[in-house]
Amino acid sequence: MSGRSDSFSPSSPAAHDEHGHRPDLEFASEPDRPARADERILEEVSASLAADVALDASRIEVSVVDGDVRLTGFVDTAAQKREARNRARRPLGVRRVRNDLRIMVPGEPIATETGQ
């Protein structure tokens, strides 16, 4: 044995910064869900939505920031809204899903961001 120890000692001065945090470790808000590139999450969520024949994925916009997925757009039923949310939760790296999908009312025109 060399006498060198690789074990962590909580009383070691270099183990924590001035706020009591370990500067050499980063923790995700959900440690069981590892961080992944937002672009990869976006691809997987979009592909999952497109694969569901009951959903019209062309009316659903997906955005991802730091693992947080946001769904916007329109669906026909509350069941489709739930299914879109469930599909958006599945990819590895998703932290949260904000489901801002709106249920279409028959005969109501689709509002656009430009108001036209």
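With each label point set 7 Å from Cα along the Cα-Cβ vector, what nm distance links residue 92 and residue 70?
Label at residue 92, label at residue 70, 2.7 nm between them.
Determine, for 46, 63, the number of other Cβ atoms within 10 Å of each Cβ, and report the residues in order from fewest to most. Provide the component values of the computation, followed by the final result.
Details: 46 18, 63 13.
By the 10 Å Cβ count, ascending, the order reads 63, 46.
When 45, 97 are ordered from fewest to most other Cβ atoms inside 10 Å of their Cβ, what list results?
On the way: 45 25, 97 19.
The fewest-first ordering by Cβ neighbours comes to 97, 45.
Using 7 Å Cα-to-Cβ label points, what is the residue 103/residue 37 separation (nm, one decimal)?
It is 3.8 nm.
Quick check: residue separation of residue 54 and residue 78 times 0.36 nm, minus the Cα distance between them. What number comes out in nm?
Details: separation 24, 0.36 × 24 = 8.64 nm, distance 1.22 nm.
Net length gain for the segment: 7.4 nm.
Report the relative contact order of segment 34-116, percent, no decimals, based on alpha-carbon pairs under 8 angstrom and at least 6 residues apart. Working shown, then result.
Details: 127 pairs, mean separation 25.7, N = 83.
Computed over segment 34-116, the figure is 31 percent.
Here, each number is a calculation from the coordinates, and none is a lab measurement. Just so it is clear, the structure is predicted and the values come from calculations on it, not from any experiment. Here Cβ is always computed from backbone atoms with ideal geometry, including for glycine, and neighbour counts include all displayed protein chains.
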